[in-house]
Amino acid sequence: MSTNTHRIRQTLENAILNGEYLPGARLDPDALAQQFACSRTPIRDVLQLLEASGLVQVLPKRGTYVTQWSFAELAERFEVMAEVEASCARLAARRITEAELAAFTAAQATCVAAAGTGDAEAYYASNTVFHHCLYRATHNSYLEAEALRLHRMLQPYRRLQLRSRNRIAGSLGEHQAILDAVSHGDAEGAAAATHAHIIVQGDRFHDLVAALREAIPAS
């Protein structure tokens, strides 16, 4: 991958993950080529890479769009993410080092500070660091890579979850339960707390649906 293609990919991927392009938004190759002052070739290459990562979908004769799943598909992906992160927590509780635990604790402190401001975007940034600390503490590079891949894929939706009333406070309490279990070496407790933190069922699913409908009105 050329330096320019890598730069364009990183910029466009970050724009999607940061919510500048919402799920279902159309990505115009000509407009992107003009934005990045390049030909359509690197844009085409970047869109193919983003399609492979699950962030965009290429629809024949219609164009390229930021991936937007049905509610059933979304629930399935959160179910898988809950299982993967629970596995991460189980291993982290057994393998985390003192330095990693200190970083994990510091990440939670940052989440607490962000929650105090009521800023969902600031909280989400801190939340991402918290989860990455959990993945790293598994000392399993393959599992860490899979967790990171799924986290990126679901990031636009996980961000929208935080718009639901009281979700930041709920998330913060769930983080503390995970941190406490990991710090005490309680592998099964950490896995259960993490699974409960990620899974989207019942009222939480309805809250996510409402947030999606508000952010992405039906065309």
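For the stretch 88-169, what is the relative contact order in percent, using Cα pairs closer than 8 Å and at least 6 residues apart in sequence?
Numbers: 67 pairs, mean separation 31.3, N = 82.
Relative contact order here is 38 percent.
Counting only protein heavy atoms and a probe of 1.4 Å, the accessible surface of the chain is 52% carbon and sulfur.
Near the amide H of residue 27, within less than 5 Å, lie the amide hydrogens of 64, 65, 66, all on another chain or at least 5 residues away, with H placed in the peptide plane. Helix-only arithmetic for the chain: the sum of -39500 (n - 2.57) across DSSP H runs with n ≥ 4, divided by the residue total, places the mean residue ellipticity at 222 nm at -24500 deg cm²/dmol. Shown here for the stretch 124-217: trypsin sites (Lys or Arg not before Pro) in loop regions (DSSP other than H, G, I, E, B) with at most 11 other Cβ atoms within 10 Å, namely 165.
Angle of helix 202-215 to the longest C-alpha principal axis of the chain, folded into 0 to 90 degrees and rounded to 10: 30°. Full extension of the chain between residue 71 and residue 2 yields a length gain of 21.1 nm, computed as 0.36 nm times the residue separation minus the alpha carbon distance. Here residue 10 and residue 188 are evaluated by their C-beta separation; at R0 = 35 Å the FRET efficiency comes out at 0.35.
Between the Cα long axis of helix 98-117 and the first principal axis of the chain there is an angle of about 70°, rounded to the nearest 10.
In debye, nearest 20, what is the charge dipole magnitude of the stretch 140-216 about its Cα centre with +1 on Lys and Arg Cβ and -1 on Asp and Glu Cβ, if you could check? List each step's numbers first, then the result.
Working: 9 positive and 9 negative charges, 107 e Å.
Rounded to the nearest 20 debye, it is 520 debye.
How long are the semi-axes of the equivalent ellipsoid of the stretch 73-219, taking √(5λ) for every eigenvalue λ of the Cα gyration tensor, in whole Å from largest down?
Details: eigenvalues 124, 58, 33 Å².
Taking √(5λ) for each Cα gyration eigenvalue gives 25, 17, 13 Å.
Mean separation of Cα pairs under 8 Å and 6 or more residues apart, divided by the residue count, gives the chain a relative contact order of 25 percent. Taken about its Cα centre, the chain carries a charge dipole of about 600 debye when Lys and Arg each add +1 at the Cβ and Asp and Glu each add -1 at the Cβ. The radius of gyration of the Cα set in the stretch 1-43, together with its Dmax, comes out at 10.4, 28 angstrom. Run the paramagnetic zone check for residue 177: 7 angstrom along Cα to Cβ, then residues of the stretch 140-169 with backbone nitrogen under 20 Å. In the stretch 140-169, the label zone of residue 177 (backbone N under 20 Å from the point 7 Å along Cα→Cβ) covers 158-159, 161-169. Multiplying the residue separation of residue 125 and residue 204 by 0.36 nm and removing their Cα-Cα distance gives an extension gain of 26.4 nm.
When the Cα positions of 193, 93, 36 are compared along the charge dipole of the chain, 36 comes out farthest toward the positive end, with charges on each C-beta of Lys, Arg, Asp and Glu. Charges were assigned to the Cβ only: +1 to each Lys and Arg, -1 to each Asp and Glu. The resulting dipole of the stretch 76-126 about its Cα centre is roughly 240 debye.
The values are calculated or read from the model by the stated rules, or taken from the named source; none is laboratory data. As the structure is a computational prediction, the values presented were derived from the model and not from experiment. Note that each Cβ is placed from the backbone with ideal geometry, even for glycine, and that neighbours are counted across all protein chains shown. To get the accessible areas, we keep the full protein, side chains included, count just its heavy atoms, and leave off ligands, DNA and RNA. Shrake-Rupley method; radii C 1.70, N 1.55, O 1.52, S 1.80 Å.
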